[in-house]
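As structure tokens, the structure follows; a few thoughts come after it.
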Amino acid sequence: MPGGRLTKQERQQIALGLADSQPYAEIARGLDRPTSTITREVMRNGGPTAYRADLAHRATERRAHRRRPASPRQEAAPLTHGRDAAAVADYEETLTTVLMGSGLPRMTARVLTCLFVSDTGSLTASELARHLQVSPASISKAISFLEGQSLVRRERADGRRDRYVVDNELFYQATLAGARANTELANTARQGVQVLGPRTPAAARLENIARYMDFVGESIARAAEQAREILHAQPAPTSDVDNRPERG
């Protein structure tokens, strides 16, 4: 399987595949490339509907030109716990691409990825800006979006700086926020039923939307509660008595 950067010809093949509505996996097989490479290439260059081979190629060249070459010592230095720095960087790019596919803007996805892969699960704005090599203003905008979606929590560090945290409780709260949004949509749809008249086609459509969103919202909230109880529960300690072999 070939490695290295995509060529201009390969990008043209990707554009043709997207125009023919081919899945990423099929495009990847035709180029003998990993599916993740194609997914990442498309999502970081406009998405499946706006991808342009020439623009994507020029953008990649600009990004490569902007990168500062690392010293030999930096390239050889592994990350914490002996991790391969190149492998971690590639994984971060892949996770960022997947988060973008779920609807997050690129910078927001990059910030969330950094928090996900950090061992502490929390970073300051300056740490995020330094790792991503972007301005503090870019970090601030991304954090504001993530806080609005209940995907990060802000904590005061050493009395002066804020730290931004991701943990299991945040996913629970974000899921409940999504369930509440579904319930709000259901309630608003039912208001439309009264305004448009219960026996009209438009009202029937809105009532079906309301019933669907009611069901989805209740199911999501119930699943979130069950997951919280099962996945976050601490296993009971096993006593020495329980581990004793039975005597015949």
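The values are calculated or read from the model by the stated rules, or taken from the named source; none is laboratory data. In this text the structure is predicted, and so the values were computed from the model without any measurement. Please note: Cβ atoms are built from the backbone with ideal geometry, for glycine as well, and neighbour counts cover all protein chains shown. Ligands, DNA and RNA are stripped out before the accessible areas are found, and what is left, the full protein with its side chains, is counted by its heavy atoms. Shrake-Rupley method; radii C 1.70, N 1.55, O 1.52, S 1.80 Å.
The table below lists the values:
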item: Environment charge of Val165, counting only residues whose C-beta is closer than 14 Å and scoring Lys/Arg +1, Asp/Glu -1; result: -2
item: Relative packing of 110-123, 189-202, which averages over residues the other C-beta atoms within 10 Å, highest first; result: 110-123, 189-202
item: Theoretical gain in end-to-end length, Glu229 to Ser102 [0.36 nm per residue, Cα-Cα removed]; result: 43.1 nm
item: For Arg163, distant residues with modelled amide H under 5 Å away; result: Glu155, Arg156, Ala157
item: Förster radius 30 Å - calculated FRET efficiency between Ala174 and Glu26, Cβ distance, rounded to 0.05; result: 0.35
item: Computed label-point distance, nm, for sites Ser138 and Arg52 using a 7 Å Cα→Cβ extension; result: 2.2
item: Probe 1.4 Å - accessible area at Glu229, Å² to nearest ten; result: 130
item: Estimated distance in nm for a label pair at Thr120 and Ala181, the labels positioned 7 Å out from Cα along Cα-to-Cβ; result: 3.0
item: Sum of side-chain charges, Met100 neighbourhood, beta-carbon under 11 Å (Lys, Arg +1; Asp, Glu -1); result: +3
item: The stretch 108-156 - Rg over Rh from alpha carbon coordinates, Kirkwood radius; result: 0.91
item: Rounded to whole Hz, the Karplus (6.51, -1.76, 1.60) HN-Hα couplings of the stretch 8-13, x for glycine and proline; result: 5, 5, 5, 5, 5, 5
item: Positive minus negative residues near Val216 (Lys, Arg vs Asp, Glu; Cβ under 13 Å); result: 0
item: In nm, spacing of pseudo-spin labels at Ala204 and Asp90 (7 Å Cα→C-beta vector); result: 5.6
item: Virtual paramagnetic centre 7 Å along Cα→Cβ of Ala59, amide N under 17 Å, in the stretch 90-114; result: 93-111
item: Heavy atoms of Thr49 accessible to a 1.4 Å probe, total area in Å² rounded to 10; result: 120
